[in-house]
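A short reminder: the numbers here are calculations on the coordinates, not readings from a lab. Keep in mind that what you see is a predicted model, and the values were worked out from it rather than measured. Glycine gets a Cβ as well: all are built from the backbone with ideal geometry, and neighbour counts include every protein chain shown.
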Amino acid sequence: MKIGFIGLGNMGAPMAANLAKAGHDVTGFDTAGVSVEGVTKAETAIDAVRGAEAVITMLPNGDILRAVADQIIPHMEKGAVFIDCSTVDVDSARAVADQAEQAGLLAVDAPVSGGIGGAAAGTLTFMAGGSDAAFAKAAPLFEIMGQKAVHCGAAGAGQAAKICNNMILGVTMIATCEAFALADKLGLDRQKMFDVVSTSSGYSWSINAYCPAPGVGPQSPADNGYKPGFAAELMLKDLRLSQQAAESADADTPMGQIATALYEQFVESEDGKGMDFSAMLPRFEKRGRS
Ligand code: NAD
């Protein structure tokens, strides 16, 4: 299949590489001029989507997605599928899907979970919103880039699932980091802490798959000086999306609210900018009770 791929960052680059490795004809574009092995480099977003049966976007936020959609939709082939894998607000996802459908395209919002490790290994989980026909057309590509795709409902349903998932992730990462910092102060060896929690009721993806303590558990950004990975700014973006959604749906999410405030402080007033979201652990290490 001829595929256009826009946004070749931490996630997009390995996803595009996996599609190319599987034998698809992939043309990619990124404003940062990124090159990816096996992927033809386009000079513009429009060049990347010309003649493609499927176009995948993996971009930082809803405003950028809307701007890219305005650029590329008029140049896409009728009947092609527009698959947005970025994490964005439900309103942007629905607006872009509407615009694509009005132009005779199929549209799926399909944010992912699994991080850069899952993107590289082709084991992401896709949570998708859109029509049955759009999901069916995108499904073979999800199979290459991931291990599971759940069709969650109509346009925007994928983003709704993602926002709820990442609210849990933000909360569990903070809980894991503060627990490691407490364990340090109690004189507990970090490896022992990992061995216990990763096989006990405190386990979660945050400790088992993405341990925030360097040298402990599987390889993670903590072993690479907390270079992202999944940037603290992106975690903050997702937590804010969860709180906007909670506000508009009148849902009580106190832990989500606290996690949002902590990541806000970390990114905006401390040294979290440019760090992985698991760098909450060195943040807690430096702090005392008051
Ligand atoms: P990233 O910042 O590494 O990549 C985004 C890329 O988009 C960059 O390379 C940037 O140059 C490019 N870009 C920006 N504007 C563009 C434009 N107008 N046209 C073309 N390219 C443009 O971010 P990432 O970590 O790859 O995340 C991408 C999306 O996936 C985000 O929405 C994020 O929330 C989501 N996500 C990330 C992870 C993760 O672990 N990193 C996990 C799940 C979901």
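Structural remarks
- A DSSP coil position with no more than 12 other Cβ atoms inside 10 Å describes the following trypsin sites (Lys or Arg not before Pro) in region 49-110: Lys78.
- Segment Gln219..Gln102, full-extension length gain: 37.6 nm, with 0.36 nm per residue of separation and the alpha-carbon distance subtracted.
- Largest mean-square fluctuation among Gly215, Gly12, Gly118, in a Gaussian network model of the chain whose springs join Cα atoms under 10 Å apart, belongs to Gly215.
- Cα-based shape type of region 1-150, given that a ≥ b ≥ c are square roots of the gyration tensor eigenvalues and the cut on a/c is 1.5: rounded
- Reach of Lys162 by Cα under 30 Å, taken over lysines that are not fewer than 8 positions away in the same chain: Lys2, Lys21, Lys41, Lys78, Lys137, Lys148, Lys227, Lys237, Lys273
- Take every Cα pair under 8 Å whose residues are at least 6 apart in sequence, average their separation, divide by the length of the chain, and the relative contact order is 13 percent.
- Along principal axes, Cα extents of the chain, largest first, whole Å: 62, 43, 33
- Residue of Ala128, Ala45, Ala16 that the Gaussian network model of the chain assigns the largest fluctuation, springs spanning Cα pairs under 10 Å: Ala45
- Residue-span extension gain [Ala67 to Arg50] - 0.36 nm each, minus C-alpha spacing: 4.4 nm
- Cα-Cα separations in region 153-223 greater than 16 Å, expressed as whole percent: 52 percent
- Structure remark: mean-square fluctuation, Gaussian network model of the chain, C-alpha springs under 10 Å; the largest value among Ala251, Ala259, Ala121 belongs to Ala251.
- Spacing of the two label points (7 Å from each Cα toward its C-beta) at Glu178 and Asp195, in nm: 2.8 nm
- If you sort the three axes of the alpha carbon gyration tensor as a ≥ b ≥ c, you get a/c of 1.5 or more for region 194-290 and a/b above b/c, which makes it prolate.
- Candidate cross-link partners of Lys192 among the lysines, defined by an alpha-carbon separation under 21 Å and a same-chain spacing of 8 or more, are absent.
- With a cut-off of 20 Å on the backbone N, the residues of region 90-118 near the modelled label site 7 Å out from Ala154 along Cα-Cβ are 90-111.
- Whether region 1-45 is rounded, prolate or oblate, judged on the alpha carbon gyration tensor where a/c under 1.5 counts as rounded: oblate
- Binned Cα-Cα distance frequencies in region 118-256 - 5 Å width, integer %: 2, 9, 15, 17, 18, 16, 12, 7, 3, 1, 0, 0
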